[in-house]
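The values are calculated or read from the model by the stated rules, or taken from the named source; none is laboratory data. Not measured: the values here are computed from a predicted model. When we count neighbours, we look across all protein chains shown, and the Cβ atoms used for this are built from the backbone with ideal geometry, even at glycine. Quick note on the areas: whole protein, heavy atoms, side chains included, nothing else; ligands and nucleic acids left out. Shrake-Rupley method; radii C 1.70, N 1.55, O 1.52, S 1.80 Å.
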Amino acid sequence: MSFMDRGAELVQSFARFLIRCYSQDLRSILLAEDVMLHYPLVVDFSELLESDPPLAHLLFSKPSGLLPLFDQAARLSQGVILDGSKELVGAAFPKDFVHVRINVCGSPLECQEASPRIGRLRVKHRGILLTVKGTVIRSGAVKMIEGEREYTCRRCKYRFKVQPELESGNAIRLPTSCPSKAAKTCDGTSFLLVENSILCHDYQEIKIQESVQVMGVGSIPRSIPIILMDDLVDIVKAGDDVIITGVLSAKWSSDLKDVRSDLDPVLLANHIRRTNELKSEMDTPDDMVKMFEQFWSDFRDKPLKGRNFILQGICPQVFGLFTVKLAVMLTLVGGVQHIGPSGTKVRGESHLLLVGDPGTGKSQFLKFAAKLSTRSVITTGLGSSSAGLTVTAVKDGGEWMLEAGALVLADGGLCCIDEFDSMREHDRATIHEAMEQQTISIAKAGLVTTLSTRTIVFGATNPKGQYDPMQPLSVNTTLSGPLLSRFDIVLVLLDTRNPEWDSVVSSHILSEKQEKEHGNDEDLAKIWSLPMLRRYIHYVKGRFKPVLTPESESIISNYYQLQRRSAVHNAARTTVRMLESLIRLAQAHARVMFRNEVTRLDAITAILCIESSMTSSAIVDNLGNALHSNFAPNPDEEYAKQEALILEKLRAVC
């Protein structure tokens, strides 16, 4: 018996499965009020595989023919449930538009053969149930498309339905002769369209691109168009991470003169799962959590020595630069988002900008920070796509679509921007909102929407000519004061002549080369590895939500008032934003120190980070060059001196 002849049997078999396992979901659909809506019925493939293995295997190998039968089974099972439940009579109505959506999460279909990378899709994958992962880079407008028509044979009055062909641009092709299966063959070739028989569907095209994190060095990320229909339209937007299950098909490219027409791959989506809330998920084993707890137990008496031990694992190939490594760590960990009574949000993510001479290691820190983040995008001010850093409207096939830029694609992660001062003009205008409000409002080509940019911005730029310490930062760079105020920490790395520092750095570089030649890796083994740092940052961000103690609140408040009254402060940065930056940095330091409350130590460390961002200090007499900052032999003793100095000045002024 052929597959088509078994249609009624397959419908009955799947209807029994739905009644047995998904009766509650069907009841919810029956009780819904709107009978014209399209309702999804999500079915777990693993559950179907356990209940009816032959049917599950048939679904995997022949999804195009089986999924319409599953929709029929969903409509049939509604009637069975309605007839068997007296309490539903009069209150529930069967729905004509119920679509079975197959969720492959946790099933064998998550294997590499059934879930290939977008760049590895081949002809052998056509026609089977596929799952692809990626990021939405374009989203088109929702349209209406013709789904089917009903015709009558003029000769024998036989009615039949005709579906459009996707490969030929959704064109309707009538059969050459009457498809009637009656005993007496009808050779009619003239057909009449049945009035009001045209069935239309909501239709949307999006494009997804494979994630850069799963690709090797030098690989080009590939993309594929996705067709969404009915209840799947308009549920994802540019920048969303998605897992899409569907059927790989193809359609002819547009027929242009003197251009060869090809079959372009396209995925007909059956099920979509947004993974934005799961994008930063990283499993931290219990034994590693115990190791973190034991680490801080060992450094209970000297906590700053333990903190510096962790910081030495950040970009270990760069000698010293303690201030920069501390700033990178605090930026990646971030603070806690605050939502006010009126619903206004104060971001928890911190932003960092490195301004320095060439050869000071800025790009090294950018690349290492991208490795530490579970989701990251590295770009340059001018090296971005046509979407730039934010978002733009592009015309694709006569239709305007939104194309996401680097900040939208890095939503929930880290966006590293080298040559930050070379941004496009339209990016400069919109990046203010993206960094502070963490959204991008778009009104282009009739597309009006708001996209999310909950991302950490880590920028690096060179000064404009020779850096002049007597001039403000906005003069030494091409960045405006309002844009600079969005950064929590701005560190200036000046390659000044310092014979002592040059001697130490040259000795470190030469000794590092000798250690590699002799295979001496004992010192490197003591440093926290990159995977351990990644897990530690993820764990402390998820576990700790630090709150300020009264003592830390008093210190931060007094310092803010001092900065407002001081005559040497940078007016562009000493605003309420600086107070918010202080709170974020103090919370981030508390997380790094494995604590759930912000103490005096965290508040003063945040003050020292802010002081390092200023061209002239109001409270610390000698900060020195951030490029020449090194790890102190006894950090706890060094901190005690700085704490006494800061508290004395705060008491004297406030």
From the protein chains alone at 1.4 Å, what is the descending order of accessible area for 649, 62, largest first? 62, 649
Gain in span if fully extended, residue 551 to residue 312, counting 0.36 nm per residue against the direct Cα distance: 83.1 nm
Give the residue list of GluC sites (Glu not before Pro) in segment 15-91 that are DSSP loop and have at most 16 other beta-carbon atoms within 10 angstrom. 33
Cut-off 11 Å between beta-carbons: net charge of the residues surrounding residue 229, Lys and Arg +1, Asp and Glu -1: -3
Excluding residue 607 itself, what net charge comes from residues whose Cβ is under 12 Å from its Cβ, given Lys and Arg +1 and Asp and Glu -1? -1
Around residue 51, under 12 Å between beta carbons, what's the net of Lys plus Arg minus Asp minus Glu among the other residues? -2
What lysines does residue 157 reach when the alpha-carbon gap must be under 24 Å and sequence neighbours fewer than 8 apart in one chain are set aside? 181, 184
Mind listing which trypsin sites (Lys or Arg not before Pro) in segment 56-150 are in a DSSP loop and have 12 or fewer other Cβ atoms within 10 Å? 122
Cα pair count fraction exceeding 25 Å, expressed as % - segment 1-160: 45 percent
The distance between the Cα centres of segment 143-214 and segment 436-473, in whole Å, is 50 Å
Between residue 44 and residue 494, how high is the FRET efficiency from 1/(1 + (r/R0)^6) when r is the Cβ-Cβ distance and R₀ = 56 Å? Nearest 0.05. 0.40
Pairwise FRET efficiency - residue 85 versus residue 165, Cβ, R0 = 30 Å, nearest 0.05: 0.15
Only sites in a loop by DSSP and with at most 16 other Cβ atoms within 10 Å count here; which trypsin sites (Lys or Arg not before Pro) in segment 283-317 make the cut? 300
Could you calculate the contour length gain from residue 394 to residue 51, that is, 0.36 nm times the residue separation minus the distance between their Cα atoms, to one decimal place in nm? 118.8 nm
On a 27 Å Cα-Cα criterion, which of the cross-link pairs 290/345; 362/641; 207/444 come out too long? 290/345; 362/641
Convex hull volume of segment 116-252 per residue (C-alpha atoms, cubic angstrom): 138 Å³
What is the distance in Å between the Cα centroid of segment 37-60 and that of segment 307-336? 49 Å
Starting from the 7 Å offset along Cα-to-Cβ, what nm value, one decimal, do you get for the label separation of residue 651 and residue 33? 6.7 nm
